[in-house]
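**Q** My structure is below; once you've seen it, I'll send some questions.
The values are calculated or read from the model by the stated rules, or taken from the named source; none is laboratory data. Quick caveat: nothing in here was measured; it's all calculated off a predicted structure. Using ideal geometry, Cβ is built from the backbone for each residue, glycine included, and neighbour counts are taken over all protein chains shown.
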Amino acid sequence: MHTLIGNRYIQNLLDFIFPQLCLGCSEYCNNISQICQACEKKVLQLTLPYCLHCMSQMDKNITCQKCKKNTIALYSYANYEDPIREIIIQFKFKGIIAPAKIFAKRIYQEYSKLIKQHKADFLVPIPLYKYRENSRGYNQASILAHELSKLSDIVVHDDLIFRIKKRKPQSKLPIIERKKNIESVFQINTNADEKTHCILVDDVVTTGNTVLEATKELEQSGYKVVAVISIAHAF
Ligand SMILES: [Zn+2]
Ligand SMILES: [Zn+2]
């Protein structure tokens, strides 16, 4: 009893000195998720996968009615709008990695049944250019993939794909220039053996050009990309 009171006292004191702030709006927030009630209400959550080729919503059978065949499914937790946008900026650039665990859990809660159907062998995070990863200290897509791996038991293959060219961040370019900017930036480390089904993992998918370019390279090396997972989808 004594220890419990002591712990609570210390926790209250810590909260006073370092108040926990909402990752979305920086207001004081004591939710475990670090996302306040007001921000939670603003999240536009997605519940069905999108077709990576035409970006229309797929049905529950993971089929695109527009492409009329099984294409690559994109599973995103939410729309890329605030507060999600702000949280991802902190996750990407400010060393705040808590969102990886928070969103991996939410993604998996929503889509685990569908994700299991792909029978993937690897989760493959979209790599950063080495220099960028070194200066930032981490690759957010890899951290997210490792959190997803704990929930799904699918192993992360961190060294399968790497960037060989430094390019302008896709988000800083007009949509029309993005496809060209990302061409031939990836290289594959080893060709596929019998384990070949991959799910790509990235923080945000917008036009899909980056993941499609990675898919192209992986498929040339004998892998099959069966799905893509991201925290957010920008339309
Ligand atoms: Zn908030
Ligand atoms: Zn489609």
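**Q** With the requirement that a residue be loosely packed, with under 15 Cβ neighbours inside 10 Å and of a type in the set (Val, Ile, Thr), what does the range 27-55 give you?
**A** Ile32, Thr47
**Q** Give, as residue ranges, the helices (runs of 4 or more DSSP H) completely inside the range 76-156 that count at least 2 residues that are touching a residue at least 60 places away in the same chain (Cβ under 8 Å).
**A** Correct list: 84-93, 98-117, 140-152.
**Q** Of everything in the range 37-65, what is charged (D, E, K, R) and modelled with pLDDT under 95? Give them in sequence order.
**A** Answer for the range 37-65, where residues must be charged (D, E, K, R) and modelled with pLDDT under 95: Asp59, Lys60.
**Q** Report yes if some residue within the range 108-115 is under 14 Å from Asp203 (Cα atoms), under 16 Å from the mean Cα position of the chain (by Cα) and not basic (Lys, Arg); otherwise report no.
**A** No, because not a single residue in the range 108-115 is under 14 Å from Asp203 (Cα atoms), under 16 Å from the mean Cα position of the chain (by Cα) and not basic (Lys, Arg).
**Q** Away from ligand 1 (no atom under 16 Å from the Cβ) and at negative phi: which single residue out of Ile35, Ile17, Ile62 fits that description?
**A** Ile17
**Q** Look through the range 1-27, keep the residues that are among the hydrophobic types (A, V, I, L, M, F, W, C) and farther than 28 Å from Ile89 by Cα, and return whichever of them is modelled with the lowest pLDDT.
**A** Result: Met1.
**Q** Can you tell me which condition Ala73 does not meet? The list is (1) within 16 Å of ligand 2 (Cβ to nearest atom); (2) more than 20 Å from Thr206 (Cα to Cα); (3) surrounded by 14 or more Cβ atoms within 10 Å (Cβ to Cβ), and all the others hold.
**A** Of (1) within 16 Å of ligand 2 (Cβ to nearest atom); (2) more than 20 Å from Thr206 (Cα to Cα); (3) surrounded by 14 or more Cβ atoms within 10 Å (Cβ to Cβ), only one is false for Ala73: (2).
**Q** Can you tell me which condition Lys168 does not meet? The list is (1) without any contact (Cβ under 8 Å) to a residue 24 or more places away in the chain; (2) assigned to a helix (DSSP H, G or I), and all the others hold.
**A** Evaluating Lys168 over (1) without any contact (Cβ under 8 Å) to a residue 24 or more places away in the chain; (2) assigned to a helix (DSSP H, G or I) leaves (2) as the failure.
**Q** Can you report the number of residues in the range 38-59 which are closer than 27 Å to Val225 by Cβ and either away from ligand 1 (no atom under 16 Å from the Cβ) or not in a loop (DSSP other than H, G, I, E, B) (or both)?
**A** 15
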